[in-house]
Amino acid sequence: MRNPQHFLRFVLIWLLLLGGSHLTYATTWNEPWHDQVVKQADYFVLATVAAADKNSATLTVLATLGTTGSPLTGTVKLTDFYALDLCSTSGGHGPEFHFTPQDTAYFFLKKNQTGTYSLATPTTGFALVKGQRVSATYRHSYHQALLERPAYELTMTAIFQHYHQQPYAAEAVRTFIGQQLAQKPAALNEEELPIFFKQHAALETIYHLGLTDYYAATLPFLRDSQNFHSQISAARALTAVNTQEANQQLLTLLSDAKTPDFPKVVAIWTLGAHQPKALKTNLQKLISKASEDRAGFGGNLMDPRVCTHLPTVKEALTDLISRL
């Protein structure tokens, strides 16, 4: 029988990675999705925190993996945030840094007007290194994955380079994606969690790079009713696949009453990118039974990202239909 304390520790780690931060903040913000974090960054670096307080952090750059100019070297100082959409403040407390000296992480940085550097927000734009693994964000900081460093560096460097119109290691990236999607969708259990994390990274990388040749390999994940995270990533991975067949698969997901609201909202967004006017009548038939519950990321009311907005299925569907 599995050691119950070990299994409990696994569950707690899983909830931390997928449920988000539980730090208490007086300031709240609308957290950006990861594509916006990367697109606005000037640098993607590996660095160690040399010094930190709530107002700033000093990094020692170990390697520059992506840049829009010259590589960063030496030490750099973080003094503010480049993608922070504040919702509320109280008690005079603004957004703060929460690093500890000796932390090692991958950082997305932007040079600011004062000559120092900016992080995206206090809770995103960095991926902490834990031994040989990384607490990686591919979709949103609420949904993180624990990934081996080589896989993270390969895929995230490619994502940075793609968003900045630079060549990337396409063959190596495609090999990684192919290996992960050749396996059946992983279950959310202790044994298969490492596989799930790599499949999550592969599907999200397809989305970020706009790849179009993984349609068939994506379908088992879109149909995985036991894992709504896989359904979300698969729906995003179909964004660049604007075909009648792909749109029909997304419509099938939307028509299934058992599909959770979050994957449905993401599927609607993908259809919005496709603009399938031929499906307008089919989509209109879904309005009357569309959920009006607020789909959220999870977490708790004390999370600083609490005002990150996700529409209801009915709101997203109504907006899509109005644009067809």
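All of the numbers you see were taken from the coordinates with simple rules; none came from a lab. Everything numeric in this text was worked out from a predicted model, so none of it was measured. Positions of Cβ are generated from backbone atoms using ideal geometry, with glycine treated the same way; all protein chains shown enter the neighbour counts.
Could you state the angle between the C-alpha long axis of helix 193-209 and the longest principal axis of the C-alpha atoms of the chain, as a value from 0 to 90 degrees rounded to the nearest 10?
Once rounded, the angle reads 80 degrees.
For LYS264, LYS77, LYS111, which order do you get if you count the other beta carbons within 10 Å of each Cβ and list the fewest first?
LYS77, LYS111, LYS264
Calculated FRET efficiency, GLN113 and LYS289, Cβ-Cβ r, R0 41 Å, to nearest 0.05? Please list the in-between numbers first.
Working: r = 51 Å, r/R0 = 1.23.
Efficiency at R0 = 41 Å is approximately 0.20.
If you put +1 on each Lys and Arg Cβ and -1 on each Asp and Glu Cβ, how big is the dipole of the chain around its Cα centre, in Debye rounded to 20?
On the way: 26 positive and 25 negative charges, 76 e Å.
That gives a dipole near 360 debye.
Can you tell me the 0 to 90 degree angle between the C-alpha axis of helix 228-237 and the longest principal axis of the chain, rounded to 10?
90 degrees
Using 1/(1 + (r/R0)^6) with R0 = 35 angstrom and r between the beta carbons of ALA182 and TRP33, what's the FRET efficiency to the nearest 0.05?
Numbers: r = 28 Å, r/R0 = 0.79.
The calculated FRET efficiency here is 0.80.
Given labels modelled 7 Å from the Cα in the Cβ direction, how far is it in nm from ASN300 to ALA278?
5.0 nm
Hey, what number do you get for the chain at 222 nm if only DSSP H runs of n ≥ 4 count, each worth -39500 (n - 2.57), divided across all residues, to the nearest 500? Intermediate results must be reported in sequence, preceding the final value.
Working: 11 runs with 126 residues, N = 324.
Using -39500 (n - 2.57) per qualifying helix, the result is -12000 deg cm²/dmol.
If you find the alpha carbon centre of region 71-97 and of region 262-310, how far apart are they in angstrom?
Each part's Cα centre sits 30 Å from the other's.
Report the percentage of all Cα-Cα pairs in region 190-317 whose separation exceeds 22 Å, rounded to a whole percent. Please list the in-between numbers first.
On the way: 3022 of 8128 pairs.
Summing the P(r) tail past 22 Å for region 190-317 gives 37 percent.
To test your reading of the geometry: what angle, between 0 and 90 degrees and rounded to tens, separates the Cα axis of helix 149-163 from the longest principal axis of the chain?
So the helix axis and the longest Cα principal axis differ by about 80 degrees.
If you restrict to DSSP beta bridges whose two residues both lie in the chain, what percentage is antiparallel, to the nearest 5? Display every interim value, and only then the final one.
Details: 37 of 40 bridges.
Approximately 90 percent, going by the DSSP bridge assignments.
Is region 72-201 best put as rounded, prolate or oblate by its Cα gyration tensor, with a ≥ b ≥ c the root eigenvalues, rounded for a/c under 1.5, and otherwise prolate when a/b is larger than b/c, oblate when not? Numbers along the way, then the final one.
On the way: a/c = 2.18, a/b = 1.58, b/c = 1.38.
It is prolate, given that a/c is not under 1.5 and a/b is the larger ratio.
Test of understanding: what is the full-extension gain from GLU190 to GLN132, defined as 0.36 nm times their sequence separation minus their Cα-Cα distance?
Numbers: separation 58, 0.36 × 58 = 20.88 nm, distance 1.86 nm.
Working it through step by step, the gained length comes to 19.0 nm.
Can you give the Rg to Rh ratio for the chain, taking only C-alpha atoms and Rh from Kirkwood? Mind dumping the intermediate values first?
On the way: Rg = 20.0 Å, Rh = 20.7 Å.
Dividing the radius of gyration by the Kirkwood radius yields 0.97.
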